[in-house]
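Scroll down for the structure; my scribbles are underneath it.
Readers should treat all values here as calculations from the given coordinates under stated rules, not as data from a laboratory. Fair warning: this is a prediction, and the values are worked out from it, not measured in the lab. Don't worry about glycine lacking a Cβ; one is built from the backbone with ideal geometry, like all the others, and counts go over all protein chains shown.
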Amino acid sequence: MMSEVLFTSSATAKGGRRGHVKSDDGLIDLKVVMPTDGTGEKGTNPEQLFAAAYAACYDGAFNLVAKKKKKEVDSTVTADVSFLKDPADNGFKIGVVLNIEVKGVSQEEAEELAALAHEVCPYSKATRGNIDVQLKPRAL
């Protein structure tokens, strides 16, 4: 049984990795390309869209845990999402590195907050045990 739904976002894709994706409200309306096909075509890809979503969600979680710990921080999260070969099944998988730059705390505190945020971030919860996620917090 699903939990209480707070809101739902929708996007539709057609043509897969060489197609188009559009959100129901039209804010996202993008050509999708495969960066490895050598055509040089401009467009987004599923990994780029996932990176944007994960970075935003994780940064929100990071600020939430910092606030609960009464830490005043200024954070920036960059998610590097890689498309990888999967030797387990000769297919593909993704991996994520979350680069967390944070002002207002020590390196040790940044590492603690990063780990706590990883426990509560909905994207981290969704991917836990499914993909490799590496946290790289850096106090500035």
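Can you say whether ALA53 is of a type in the set (A, V, I, L, M) and under 29 Å from ALA11 (Cβ atoms), as far as the supplied structure shows?
On the way: of a type in the set (A, V, I, L, M): yes; under 29 Å from ALA11 (Cβ atoms): yes.
So ALA53 passes the test.
Select from the range 7-37 the residues that are within 20 Å of the chain's Cα centre (by Cα), assigned to a loop (DSSP other than H, G, I, E, B) and in contact (Cβ under 8 Å) with a residue 12 or more places away in the chain and list them in ascending order. Once the filter is applied, which keeps residues that are within 20 Å of the chain's Cα centre (by Cα), assigned to a loop (DSSP other than H, G, I, E, B) and in contact (Cβ under 8 Å) with a residue 12 or more places away in the chain, the range 7-37 yields SER9, SER10, ILE28, VAL33, MET34.
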